[in-house]
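Below is one structure, written out as C-alpha cells; the observations come after it.
What follows is calculated from the coordinates using simple rules that are stated; it is not laboratory data. If you're wondering where the values come from, they're calculated on a predicted model, not measured in any experiment. Methodologically, a virtual Cβ is constructed for each residue, glycine included, from the backbone with ideal geometry; neighbour enumeration extends over all protein chains shown.
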C-alpha cells in the first residue's frame, strides 16, 4: 500500500509554547511503524520543502513554519493509495478553520480527486494535547474521509487495513470515518501501542541535512525557546505518557509506557552514528518516571559520550546524585525540574503533585555540584491559591536561584481545555474567558486568565514583576569589598563607625578577588569607610580587572578625588563607575551632616574630576529628617554634575543609626519629599532603597524600589564575609500581613525601630 504522510505548514502566534519546529517527530514515528507493517511510505514535510533556505517567516502577526499548502502538494510524487495529514496543537482538528489545514485539504483534493484523505494525531511529545470531538472535525472538513485520534501507531494500521480490504470498517480503534453521507464512530478510547522497543522514527525518509538546517534556523530566530541558537538536534522518544496526574497537564491519554533502556540506548547510538547530530533531544513527558530504567540510560549515554537533552524535564524525587553526574559528563546543557509550587498544600491539593520541596532542593544542589544551571519551573495563580502561598513559591524559587544558581521559569496557571485545572476553574467561575473557545496562542500569554477573591490578573503581574526583578539582580551577583573602614568624614548616620580602622592587607584582598572570580562574580563594588584612603586602591582595581571583573564601581564621598591626578589614576587603573554622595545642595547642610567643614566643596570638585576622567557617575543621597526638605535640590545638583541616576537611601539601623537617640525620617515625611521630587525629576532616574514599599503608599507603584540585596556578597576589611541581603533580613521583621504582599519577594519587612514606633505593614 502506498501511503503519503504529510506534515502541514504551521502558523504560530508570536507568544507560543512548546516545540513546534519538532512537530514532525510524531509523523516520522508513525511512518517507521507503517513501514515495519509492510506499507510503502513517503513523507511530505512542509518544513523541508521548497528551494533555498529553511522556510520560516517571522512577522508582526506571528510565525509561519513551512511552505504554503499549494507549494507543498506540488512536490508530491506519484499517486498514493491514501494521504495522512498529521495534526498537532498548532494544526488542531478542533480549530481547523484557524489553521492551514483547509488550504492543504483543498490542494490535495485538486491534485488527487479520489484519494482518501485522513487527519491523524501522531504522538510527538513536547506539545500539549488539546482534546477535540473527531465527529465535529470530520464534519468541518468535507474533503476528509477519516479522523484518527490520540496516537497514529495504534489507530492508523486498522484504518489502512480496512482501506486495503483486509478487514471491515467496523470498530476501528479511535477513528471516525465516512460511509456515504453518514459518519461512523469507531472504538474509543481504543488500545495503545505496548511494544515501544519496536518503534523507530523513519529519519531515512527525509533529507536529514535539510532537517538539521531547519532546526538551526529556528534556533537562530529564537523559535526553540529552551535552546537559543539552535543546532543539529535529533529528536527521539523513549517513553510515552506520564504515570502522574498534575492538574494542569494537557496529556493525550492516561498511563505510562516506556521502551527498555537497552532498546533506547541502541536507538540512540545508531542515530548518533548515522546522522551525526550535535546532540539528541528526548521529548518524553517524564523520562525518569522509572528511576532504574533512567539510571541505565544516563549511564549508557555517558559511556557512549553522546550529549543529550530532555526539555520536558525530570521528576526531582526520581533523580539520584549519580544520574546528575552522568548527565553532566554526557554534556547536557539545559536540565530542568518542576517544582510548580513552594507551598505544600497547593502542590498536593491543587496541583496534585506528590513531590516535596526538599526533593527539588536536593536535586538543584546536585546540579550545582556538577556545574550545571538547572531550570526550575514554578506556577502561580491557581484557583484556590492564597496570596501567601504565591509568595512561598516565589521565595522558594528565588532561594533556589541564589543558593544553587538555578534558573527559575515562572508561569501563570493556564486552564487548558480537558485538564482538571480547566474543569475546576470553569466550575468556580474563575475564568475571564472560556479557554475552550480561545485561539491556541491566546492561551499561553504573559497574562493570567484567572480571577479569584484572592487575586486578579493585575495582582499576578505585580507578583511576577517583583520576582523577576529579584531574579535579574541575582543573575548579576556583586562582591562588595571594603579594604578599609578609615574615613575622612564623620557622617551622622555612618554604618561602619563601630568597625576596626585597620586596613586589609593587599595580598588577602587579591586572594579574595581570585576566589570570587572563580565563582563567576564579575561585578565589584569597593566601599568603606572611605575606600580612597586605602593606599593600594589603584593596584586593587587593576588586579580586579586582571582576574576577570567586568565592572568595578567605587562608593565614595569623592573628597580625595578632588585631586584631578588621583581621579585620573583611578580611571587608568580600570575604574568604571563611582557612586558619589551629596547630603544637601549646599555646603552648610552637607557639612553639618558629614561633621567636616569643607567636605561639600571638596566633594563637588571630586565629582567633577571623576566625570572629567571618564568615570560613569551615580548619585547617592541618604534620607534624614534634616535634608528631606531640600531633597529635590540635592538630587538636581547630582544630576547636573553628571550623575546618570540617583539612589535614595533610607538609613540602615546599624552603626551610628543603631545608637540610642538617632532619629530616623518618618515614612510620611519621606513620601512627601519624594512626591515633591517627582514634580521635577523623572521617576526612572531615581531608586529608593531600604524602605518597605508599603510605607510609600501609592508612590510604591511610581518609584523604582531597591530589592533585597541578596545579590551582594560583602567582604569586610577584617576578613569576614556575609551576604548583604541576609544581613538586612536579620535586622527586619516580616509580620504575617507581609506574607500576602506582592512586594514580599523583594522586601525583608519593617525595621524593628519602625515596629516599635507603631508602624504596621499595609500589603500591596
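If you fit an axis through the alpha-carbon atoms of helix 631-640 and take the longest principal axis of the Cα set of the chain, what angle between them do you get, 0 to 90°, nearest 10? Taking the Cα atoms of the chain, the angle to 631-640 is about 80 degrees. In terms of overall dimensions, the C-alpha atoms belonging to region 344-474 reach 46, 30, 28 Å along their principal axes, ordered largest to smallest.
Counting only DSSP beta bridges whose two residues both lie in the chain, roughly 25 percent are antiparallel.
In degrees between 0 and 90, to the nearest 10, how far off the longest principal axis of the chain does helix 667-678 point, with axes built from Cα atoms? Between the helix axis and the principal axis of the chain, the angle is about 80 degrees. If the segment from residue 304 to residue 322 were pulled out straight at 0.36 nm per residue, it would be longer than the present Cα-Cα gap by 4.8 nm. For the chain, the relative contact order comes to 8 percent (Cα pairs under 8 Å, sequence separation of at least 6). Put in order of Cβ neighbour count within 10 Å, fewest first, the listed residues 185, 545 become 185, 545. Label zone of residue 181 (point 7 Å out along Cα→Cβ, amide N under 15 Å): in region 132-153 this covers no residue at all.
In terms of packing, defined here as the mean over residues of other Cβ atoms within 10 angstrom, the peptides 397-403, 717-723, 657-663 line up highest first as 397-403, 717-723, 657-663.
Each residue in 664, 22 was given a count of other beta-carbon atoms within 10 angstrom of its own, and listing them fewest first yields 664, 22.
For region 492-595, the antiparallel share of DSSP beta bridges with both residues in that region comes to about 0%. For a modelled paramagnetic label at residue 395, 7 Å from Cα along Cα-to-Cβ, the residues of region 349-377 in reach, with backbone nitrogen under 19 Å, are 356-362.
Packing, taken as the mean count of other beta carbons within 10 Å per residue, orders the peptides 598-609, 498-509 from highest to lowest as 598-609, 498-509. With R₀ set to 60 Å, the beta-carbon distance separating residue 488 from residue 15 gives a calculated FRET efficiency near 0.65.
Distance between the pseudo-spin-label points of residue 110 and residue 161 (7 Å out from Cα toward the beta carbon): 3.8 nm.
The modelled label-to-label distance between residue 663 and residue 276, using points 7 Å beyond Cα along the C-beta direction, is 7.9 nm. As a calculated quantity, the FRET efficiency between residue 37 and residue 269 at R0 = 22 Å, using C-beta atoms, amounts to about 0.30. Can you tell me how the chain classifies by the Cα gyration tensor, rounded, prolate or oblate, using a/c under 1.5 as the rounded cut? Prolate, since a/c reaches 1.5 and a/b exceeds b/c.
Computed from Cα atoms, the angle from the helix 457-474 axis to the main principal axis of the chain rounds to 70 degrees. Fully extending the segment from residue 572 to residue 194, taken as 0.36 nm per residue of separation minus the present Cα-Cα distance, adds 129.1 nm.
For residue 498 and residue 458, a Förster radius of 35 Å and the Cβ-Cβ distance give a FRET efficiency of 0.20, rounded to the nearest 0.05. By the helix-only formula, in which each DSSP H run with n ≥ 4 contributes -39500 (n - 2.57) and the sum is divided by residues, the chain has a 222 nm mean residue ellipticity of -10000 deg cm²/dmol.
Averaging sequence separations of C-alpha pairs under 8 Å and six or more residues apart, then dividing by the length of region 478-731, give the relative contact order as a whole percent.
20 percent
Note on 487, 286: ascending count of other Cβ atoms within 10 Å places them as 487, 286, the fewest first. Temperature 4 °C, viscosity 1.567 mPa s: under these conditions the Stokes-Einstein estimate for region 624-764, based on its Kirkwood radius over C-alpha pairs, is 80 µm² per second. For region 2-185, relative contact order (Cα pairs under 8 Å, six or more residues apart, normalised by length) works out to 23 percent. A straight chain from residue 403 to residue 542 at 0.36 nm per residue would run longer than the Cα-Cα distance by 47.1 nm.
Once both labels are positioned 7 Å from their Cα atoms along Cα-to-Cβ, the gap between residue 633 and residue 468 label points is 4.1 nm.
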